[in-house]
Structure formats: structure tokens, C-alpha cells
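Notes follow the structure.
Read the figures in this text as sums done on the coordinates, not as results from a lab. Not measured: the values here are computed from a predicted model. Counting neighbours? That spans all protein chains shown, and the Cβs are built from the backbone with ideal geometry, glycine included.
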Ligand SMILES: [Zn+2]
């Protein structure tokens, strides 16, 4: 009888998983900050990215942790509250890190390899009112399904499991207002599927409009804000309807985690300090970036790398959406449950280091 060493990852698929993970982790069109996660199942153990770690580090560092797969599946099936605490399924003695908060989402797939990313092209569809029609056109021939937004965790995993039980052939899941999951029997097959979906959903960004760098610089002078390094960010400010799309609400969870609820635009005759105070008065930290309508965008000098990645993501997503598009936003309750979430605070703290 072969006894599986549950602390030792399976050599072959694991090396390939690390390589693929590092590759997709370096692509801001697929992964931003500590977002996204990958996994491989081996016997009764699932190796998954640890919470707060970066996929880009998958080759250079040990970012994967082993979890007890049957135990997690059992907890999900029985609706046990611990299904939402992935740390409880970590193989004892294996790691100081915690499994990703999205571990349960991987556990419900029968396929050996699962990749979950916050793909910009996917998001540019998944936030639209008419997403179902558009996705059906673009993903014809794929075994795919759309899941409306639910907080990442066990509840979302159960919804996905229900779809997979109805149609076990599904290997592409579009998560409304969230991202993409693909699954396959090998790392290579799954990576290819990811690339195919990414290509099918690809949208070119809008053309550039004129930025008022001089105006922005004088506004930022002496403030906590500065010009951002990512120039397309200014596009958020250069169309009145685009500004409205950005400030109306939050479009996906990691924006809320890293940049707060929605975005902030400077009101007429308001200073940056006054705009920041207006946000602080709601109990939130000062905005990590401020849209200056018709001018451009300023970001805080102390913005974390995670916040910068998610500012960029908002630009990359909205520049692929019509200014007239009807968007689906997270509700206030959905925003708040994300901010009250202990696991996310942990992830933020790790990311801030
Ligand atoms: Zn996610």
C-alpha cells in the first residue's frame, strides 16, 4: 500500500503549477495585487495558494499550502460554518500561512487543476447589465456558466457546486462582478483554456483623451497626492459619464478591499483636502485616488502596491466599457460585508508589509 505524504506536493504537476502561476501572476490583465489563486489536487490533498501571497512569487517562494480536501468538501456539503474558515482545513504542521479565502471555490471542482483570476476582459463583461447575452455570443462552444455576485467564500462555492452537479462538463465559470474560474485535468490544459477564454473576451481599450498635467500638478502641490505613474488612469476623469460610472459604486470585491467603496471625484470648487475630509467623514480612510473631472487623476503618495494595482485595474476595466453602458454595482450590504471581513483584513495586512 502506498501511503501518501500529505506534506509533500506531487513533483510533476506542482512544478508546472508554480511556473504557470508565476506567469499569470505577472500579468496585470489577469491578476492584481494578492488577487487570484491556483490549485492542484493530489489524492485527498489540495495544494492551493496561501492568502495574501502573490501568484507572481509562485516560483521564487513557497506560496502553496496543503488542505484536507475530503474534510473541506464534507463541511461545504453539510453547510458547516467552518467551511468559511479555510485555515481549519490546513494539513497540521505544514505551513505558517493560511489557505486562500477562496479555497472552497477550488474544492468543488472535480478537475485536478483550478485557476481563478480577476481577468480584466472578463470583468469588462461581468459588470454589465447585458452580460449574459454578450458572454453567450463570445463563449459559444465553451462549457461555461455565469454566477451572479455572491461574497467570495463557502456560499459562492456552494452555488458553483450546484451548477457543476447539473452539468459536470462545465469548466469555465464567469463570476458576476468578480472574475473567472477555469478548470482542467492538467496544468497545461487549464492554462490553454484560460488563454482561450481571455482571447475570446478580449476588448480593446478606448482611445486616449487629453490630460491636464499642469493643472493636476498645481492642485497636488503641498497635498498628500501626486501624479500616478500609470498614465491611462487619467482616462477615468476625461468623460463626464465615465466619472459617474467610477463614483457611483464598487464593481468588484478587490476594488473595495484595496481602494475602498467606489471612487471619489473632486466637486467643483473643492480642494483635495476637502474631498478627502468628505470621505473620512463617512468613517473610511482618505481616498487612495481622486478623480479631478476634465483634468486627470491624482493618487496618494503613500498608496500601497495593492491599491495602485487596483486603481490600474479600474481604469483597465472601464476603458473597455462604453460610457453609456448600464453597469451592475455591488450593493451597500455587499460592500460592507467585504470590509468587515476578518480574513480580508488579514490579507490586507500581509499585503501592506
Ligand atoms: Zn476572486
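Which of the three applies to the range 102-161, rounded, prolate or oblate, going by the alpha-carbon gyration tensor with a ≥ b ≥ c and a/c under 1.5 meaning rounded?
Details: a/c = 1.95, a/b = 1.51, b/c = 1.29.
Since a/c reaches 1.5 and a/b is larger than b/c, the shape of the range 102-161 is classed as prolate.
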Item checked: Among 100, 186, 204, residue whose mean-square fluctuation peaks in a GNM of the chain (springs only between Cα atoms under 10 Å) -> 204
Check: For the chain, modelled as a Gaussian network with Cα springs under 10 Å, which listed residue fluctuates most, 45, 147, 321?
Finding: 147
Next item on the list: With an 8 Å cut-off on Cα pairs and a minimum separation of 6 or more residues, tell me the relative contact order of the chain in percent.
Entry: 18 percent
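Take every DSSP beta bridge with both residues inside the chain and express the antiparallel ones as a percent of the total, to the nearest 5.
Numbers: 31 of 37 bridges.
For the chain, the DSSP antiparallel bridge percentage is about 85.
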Notebook entry, point to check: the range 11-200: percent of C-alpha pairs farther apart than 25 Å?
Noted result: 28 percent
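Cut-off is 10 Å between beta-carbons; in what order do 318, 201 appear when sorted fewest neighbours first? Kindly include the intermediate steps, with their values, before the conclusion.
Working: 318 25, 201 22.
Least crowded to most crowded, the residues run 201, 318.
For the range 213-352, what does the relative contact order come out to in percent, with C-alpha contacts under 8 Å and a separation of six or more? Don't skip to the answer; put the middle values down first.
Values: 197 pairs, mean separation 45.9, N = 140.
Once normalised by length, the contact order is 33 percent.
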Notebook entry, point to check: Angle between the Cα long axis of helix 305-318 and the longest principal axis of the chain, 0 to 90 degrees, nearest 10?
Noted result: 80 degrees
Margin query: Order these by the 10 Å Cβ neighbour count, fewest first: 122, 332, 53.
Written below: 332, 53, 122
Note to self: Which one, 325, 183, 281, has the greatest fluctuation when you compute a Gaussian network model over the chain with C-alpha springs under 10 angstrom?
What the structure shows: 281
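In deg cm²/dmol, rounded to 500, what helix-only [θ] at 222 nm does the chain give when every DSSP H run of at least 4 residues adds -39500 (n - 2.57) and the total is split over its residues? Intermediate values should be presented prior to the final figure.
Working: 14 runs with 137 residues, N = 353.
One gets -11500 deg cm²/dmol as the mean residue ellipticity at 222 nm.
Once the cut-off is 28 Å, how many percent of the Cα-Cα pairs in the chain end up in the long-distance tail? Walk me through the intermediate numbers first.
Numbers: 26464 of 62128 pairs.
I get 43 percent for the Cα pairs in the chain exceeding 28 Å.
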Next item on the list: Using only Cα atoms, tell me the angle between helix 11-25 and the longest principal axis of the chain; keep it within 0 to 90° and round to the nearest 10.
Entry: 10 degrees
Check: What shape does the range 243-285 have by the C-alpha gyration tensor, where a ≥ b ≥ c are the square roots of the eigenvalues, rounded means a/c under 1.5, and otherwise prolate means a/b greater than b/c and oblate the rest?
Finding: oblate
Check: In degrees, nearest 10, range 0 to 90: what is the angle between the Cα axis of helix 342-352 and the longest Cα principal axis of the chain?
Finding: 70 degrees
Check: Can you give the percent of C-alpha pairs in the range 213-352 whose distance is more than 17 Å?
Finding: 58 percent
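Fewest to most neighbouring Cβ within 10 Å: what's the order for 165, 188? Display every interim value, and only then the final one.
Numbers: 165 10, 188 13.
Ranked by crowding around the Cβ, least crowded first: 165, 188.
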